[in-house]
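To start, the structure itself, in structure tokens.
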Amino acid sequence: MKSEVDARQVTIFVNGTDRWHGRPLYSAIVGLCQERGIAGATVTRCAEGYGAGGQLHTTRLMELGENLPVRIEVIDLPERIDPLLAALAGMVGEGLVVVANVRILRYLRDPKQ
């Protein structure tokens with residue numbers, strides 16, 4: 001069975017060393033999403049990247065291994081995402097937040113089978 005719905009995808013790029021009240025920022029963001037009942041959030045550690053400052057962060061340089069980019073992807077309905085964005089504004093001191101309108105195709109097992 002397939003369902004379709006319009007939604008919003010939020011992609012947040014931060015540093016793996018960024019902290020929020022003593023815990024990793026990416027973990028705090030996922031926790032916030034859980035508290036707010038957001039449909040889903042995924043954290044991906046990146047192998048290499050750079051931001052507005054132009055400084056390269058890569059796994060190839062041992063001393064920068066801890067300081068890698070982290071990507072957090074969140075998808076839900078617009079009415080759930082918009083309040084989340086306001087909360088993120090106070091959490092993400094330096095980073096990039098990308099918001100895109102998306103169409104979700106969700107495939108579910110037919111309960112009759």
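The values are calculated or read from the model by the stated rules, or taken from the named source; none is laboratory data. For clarity, every value in this text was computed on a predicted model and none was experimentally measured. Note that we place each Cβ from the backbone using ideal geometry, even for glycine, and neighbour counts take in every protein chain shown. Protein only, heavy atoms only, side chains kept; ligands, DNA and RNA dropped before computing areas. Shrake-Rupley method; radii C 1.70, N 1.55, O 1.52, S 1.80 Å.
Here is how the numbers come out for the structure above:
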item: Residue identified as within 16 Å of Leu84 (Cβ to Cβ), modelled with pLDDT of 95 or more and in contact with a helix residue (DSSP H, G or I) (Cβ under 6 Å, 6 or more places away or on another chain) among Val30, Val43, Val14; result: Val43
item: Residue in region 54-70 that is out of contact with any Phe, Trp or Tyr (no Cβ under 8 Å at 6 or more places or on another chain) and at pLDDT 95 or above present; result: no
item: Odd one out for Glu35 among (1) surrounded by fewer than 12 Cβ atoms within 10 Å (Cβ to Cβ); (2) touching a residue at least 12 places away in the same chain (Cβ under 8 Å); result: (2)
item: Members of region 65-112 found to be of a type in the set (Lys, Arg) and open to solvent by less than 50 Å² (accessible area, probe 1.4 Å), listed by number; result: none
